[in-house]
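Read-outs throughout are calculated quantities, based only on the coordinates presented, and are distinct from any laboratory measurement. Source: prediction; values computed, not measured. A quick note on method: Cβ atoms are made from the backbone with ideal geometry, for glycine too, and the neighbour counts reach across all protein chains shown.
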Amino acid sequence: LVYPTLSLQSASSFHCRTVAGRHIMVAALAKDCPLDHLSTLPFVWGIVAVVFFPIGIPVFIFWMLKHAGVAKLAKRKVEHAVQHQLLVVYKEIRSKSIMA
C-alpha cells in the first residue's frame, strides 16, 4: 500500500494546470509548476523522487531477488515436487500390482 501512494505522490509534482493565467501544481495550488523552472529545487527533487520511488524500488526488488537466486530456488522446488509426486504414483501403482 505504501509503494503506489509514494509513486503517485512523486509523480504529482509534475501534474500542472493553467489557472487564471498561472501554471500551477495540482497537488499544491499555491506553488508554481516545477516544469516551468527546470533548475529549481522542486523540479530536481521531483526528478529524484520519480527515479527513486516508481523506478528505483522495483529495480531494487528485482536485483535482490536475482541476487538471492530466487528463480533457481523456485525451479529446484518444482523439480523436487515433481520427483516426489512421481515416486508417490510409482508406489501406488506398485502396491496395486503386488496386491492383484
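Annotations for the structure displayed:
- Every residue from region 48-84 that is of a type in the set (Val, Ile, Thr) and within 25 Å of Gln9 (Cβ to Cβ): Val48, Val50, Val51, Ile55, Ile57, Val59, Ile61
- Helices (runs of 4 or more DSSP H) within the chain that include 3 or more residues touching a residue at least 12 places away in the same chain (Cβ under 8 Å) and surrounded by 10 or more Cβ atoms within 10 Å (Cβ to Cβ): 2-12, 41-50
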